[in-house]
Amino acid sequence: DGGITQSPKYLFRKEGQNVTLSCEQNLNHDAMYWYRQDPGQGLRLIYYSQIVNDFQKGDIAEGYSVSREKKESFPLTVTSAQKNPTAFYLCASSPPNRGPLHFGNGTRLTVT
Amino acid sequence: EDKVVQSPLSLVVHEGDTVTLNCSYEVTNFRSLLWYKQEKKAPTFLFMLTSSGIEKKSGRLSSILDKKELFSILNITATQTGDSAVYLCAVELVPTGTASKLTFGTGTRLQVTL
């Protein structure tokens, strides 16, 4: 079955540590995205990538970094510069004709 | 600043009731409006609306867009406990590339009780 796999489901880190969230898709989609979801707020776009080796900042990119070395993979690193990293992180992808986004099951990150 | 506002924020209904969820928007360069259902984890796609006045229907769910008044509604008839979820509205802006840039509302949390 085609889909988007995010790992791990739950992640716990100490403040000051960088952490990388994995996102893999086998849908053959060119575009991939990272969103952050906080209670009482809508999903907010962190970064997106339209093609391998290219990515753009979204609305809340500060404290985050990404890479897109393979079409299937779009990992997100939450750096120690991110002031409020505890959140639910969702990865998504979309087909070339700009159809609806397909989402992964998310990673819940807790930083203490 | 692009804005998507959903109402109500939360709703509790009895099984069998009909509910209407609202989504209003103020954005530049509107392309489409999307509805998603989020139960625990991944939002799942429900509808994409691009034209005013054309109802999209899937089973007990239906949705319509009004581009003049800048809003959309999502109707669920004969609600079931399985409809309990957060319903997300998102507006897609006209893209400059191949990516879809969505602005999401905060969601409406629906709880259907027996």
For the range A:71-81, how many residues meet the condition of being open to solvent by 50 Å² or more (accessible area, probe 1.4 Å) and within 14 Å of chain B (Cβ to nearest Cβ)? 1
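Give the residue, chosen from A:Asn105, A:Asn84, that is at the interface with chain B (Cβ under 9 Å from one of its Cβ atoms), open to solvent by 70 Å² or more (accessible area, probe 1.4 Å) and not in a strand (DSSP E or B). Steps first, please.
Numbers: A:Asn84 fails: at the interface with chain B (Cβ under 9 Å from one of its Cβ atoms).
When all the criteria are applied, what remains is A:Asn105.
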Residues of the range B:82-99 that turn out to be within 11 Å of chain A (Cβ to nearest Cβ), at pLDDT 85 or above and open to solvent by less than 10 Å² (accessible area, probe 1.4 Å), as a count: 5
Report every pair of residues separated by at least 6 positions or lying on different chains whose Cβ atoms are under 7 Å apart, first residue within the range A:43-68 and open to solvent by less than 50 Å² (accessible area, probe 1.4 Å), second in a loop (DSSP other than H, G, I, E, B) and of a type in the set (Ser, Thr, Tyr). A:Gln50/B:Thr98; A:Gly63/A:Thr79; A:Tyr64/A:Thr79; A:Ser65/A:Thr79
Within the range A:71-112, residues being on the phi > 0 side of the Ramachandran plot and touching a Phe, Trp or Tyr at 6+ places or on another chain (Cβ under 6 Å) number 1
Scanning the range B:31-81 residue by residue, those open to solvent by 50 Å² or more (accessible area, probe 1.4 Å) and closer than 24 Å to A:Arg108 by Cβ turn out to be B:Glu39, B:Lys40, B:Lys41, B:Thr44, B:Phe45
Matching option when the condition is at pLDDT below 95, within 13 Å of chain B (Cβ to nearest Cβ), in a loop (DSSP other than H, G, I, E, B) and farther than 18 Å from A:Leu11 by Cα, among A:Arg98, A:Arg68: A:Arg98
For the range B:44-63, pairs from a residue that is among the aliphatic types (A, V, I, L, M) to a residue that is open to solvent by less than 60 Å² (accessible area, probe 1.4 Å) and modelled with pLDDT under 95, with Cβ under 8 Å and 6 or more apart or across chains, are B:Met48/A:Gly99; B:Met48/A:Pro100; B:Met48/B:Ser32; B:Leu49/B:Ser32
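Take the conditions part of a loop (DSSP other than H, G, I, E, B) and either surrounded by fewer than 15 Cβ atoms within 10 Å (Cβ to Cβ) or more than 13 Å from chain A (Cβ to nearest Cβ) (or both) and apply them to B:Thr28. Does it pass?
Yes: the conditions hold for B:Thr28.
Could you please give the count of residues in the range A:25-64 that are in a loop (DSSP other than H, G, I, E, B), away from chain B (no Cβ under 11 Å) and closer than 19 Å to A:Ala81 by Cα?
Here is the first cut: in the range A:25-64, the residues in a loop (DSSP other than H, G, I, E, B) are A:26-30, A:38-43, A:52-53, A:58-63.
Pick out the ones that are also away from chain B (no Cβ under 11 Å) and you get A:26-28, A:52-53, A:60-63.
Applying the additional criterion that residues be closer than 19 Å to A:Ala81 by Cα yields A:60-63.
Result for the range A:25-64: 4.
The values are calculated or read from the model by the stated rules, or taken from the named source; none is laboratory data. Worth saying up front: this structure is predicted, and the values here are computed from it rather than measured. Heads up, the Cβs are rebuilt from the backbone with ideal geometry, glycines too, and the neighbour counts pull from every protein chain shown. Just so you know, the surface numbers come from the protein's heavy atoms only, side chains and all, with ligands and any DNA or RNA stripped out. Shrake-Rupley method; radii C 1.70, N 1.55, O 1.52, S 1.80 Å.
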